[in-house]
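Written out below as structure tokens is the structure these notes cover.
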Amino acid sequence: MSQKKATVRTFQKMKKDGSKIVMVTAYDAPTAAFAQEAGVDMILIGDSVGMAMLGYSDTIPVTMDDMIHHSKAVRRGAPDMFLVGDMPYLSYHTGMDTAILNAGRFMQEANCDCVKLECSEEELPLVRRMVAAGIPVIAHIGLLPQSVKVSGGYRVHGREEAQAERLMKLALDMQDAGAFCVLMECVPAALAEKISKKLAVPTIGIGAGAGCDGQVQVITDILGIGSFLPKHAKRYAELGEATRQALKQYTDEVKSGVFPGPENSF
Ligand code: KIV
């Protein structure tokens, strides 16, 4: 099923109308096609590909070339979908020009519709520059997985008053810098709701409660692939277990001579 291609204005309108935005990660063509058929509003080609697909223990080893490879596959699977390319570790930290060129690769090579980057106050001038260069930006705030070695691990951000005030200001500053959407990861629900109400641009949460304008989840978490389920995720299927069982049955049937049968032979 094909759907009308969304733009940044679509998400602005969804916020105004109170219509929730659904985002999910995808890293390959068939999954992207399923997401498009299901009516998901945008797909994030997240650097979570590192853990979800590439066997790394965090996002740090993921490169721009990895991201472009997976983004192109997602675009082939979901030609009409609004795609978000996730700027990986060190792709935007070594200079403004390199950052713009890397963001441009998502747009030019993979036909993405915008980029997402993990943001602190440091990234404000860069967000301004990207938007000026015609690259729509989603500002990711709160828990920043690429910085957990500095921040001291995966934890909720914004519990203390000073931290909460900082996140509110950062979200507003990102909006002023031109970000068309703010993504909040692991932020207390009450704070995320307050930020969502204050911002004119839509917010998307992961572990940030129901008061955000939309939600994002990592596809392998919600499909039951992988053993660890974060508190903020819910399993909608058990594909890991189904895959294990199918492969066991295939193995047993080849070994016992049940497969291939006459119906599978020429
Ligand atoms: O890479 C990713 O999947 C993300 C989400 C957790 C928002 O950044």
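The values are calculated or read from the model by the stated rules, or taken from the named source; none is laboratory data. Note that the coordinates shown come from a computational prediction; the quantities given were computed from them, not determined experimentally. Cβ placement follows ideal geometry from the backbone for every residue including glycine, while neighbour counts extend to all protein chains displayed. SASA here: full protein model, heavy atoms, side chains in, ligands and nucleic acids out. Shrake-Rupley method; radii C 1.70, N 1.55, O 1.52, S 1.80 Å.
Structure data summary
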| item | result |
| --- | --- |
| Qualifying residue in the range 155-166 (condition: aliphatic (A, V, I, L, M), open to solvent by less than 80 Å² (accessible area, probe 1.4 Å) and under 17 Å from the mean Cα position of the chain (by Cα)) | no |
| Close pairs from the range 44-62: first assigned by TED's automatic domain parsing to the domain that holds residue 147, partner within 9 Å of the ligand (Cβ to nearest atom) and small (Gly, Ala, Ser), Cβ under 7 Å, at least 6 apart | 56/50; 58/50; 59/48; 59/50; 61/50; 62/50 |
| Every pair of residues 6+ apart whose Cβ atoms lie under 9 Å, when the first sits in the range 170-185 and is in the same structural domain as residue 134 (by TED's automatic domain parsing) and open to solvent by 10 Å² or more (accessible area, probe 1.4 Å) while the second is more than 16 Å from the ligand (Cβ to nearest atom) and among the small types (Gly, Ala, Ser) | 175/200; 178/132 |
| Candidate set from the range 186-217 (those that are within 18 Å of the chain's Cα centre (by Cα) and small (Gly, Ala, Ser)); member that is surrounded by the most Cβ atoms within 10 Å (Cβ to Cβ) | 208 |
| Residues of the range 36-50 classified as more than 13 Å from the chain's Cα centre (by Cα) and either of a type in the set (Asp, Glu) or closer than 14 Å to residue 76 by Cβ (or both), total | 2 |
| One residue from 143, 126 being buried (at least 21 other Cβ atoms within 10 Å of the Cβ) and over 18 Å from the mean Cα position of the chain (by Cα) | 126 |
| Residue selected from the range 227-266 under the condition farther than 26 Å from residue 15 by Cβ and open to solvent by less than 50 Å² (accessible area, probe 1.4 Å), by the criterion farthest from the chain's Cα centre (by Cα) | 261 |
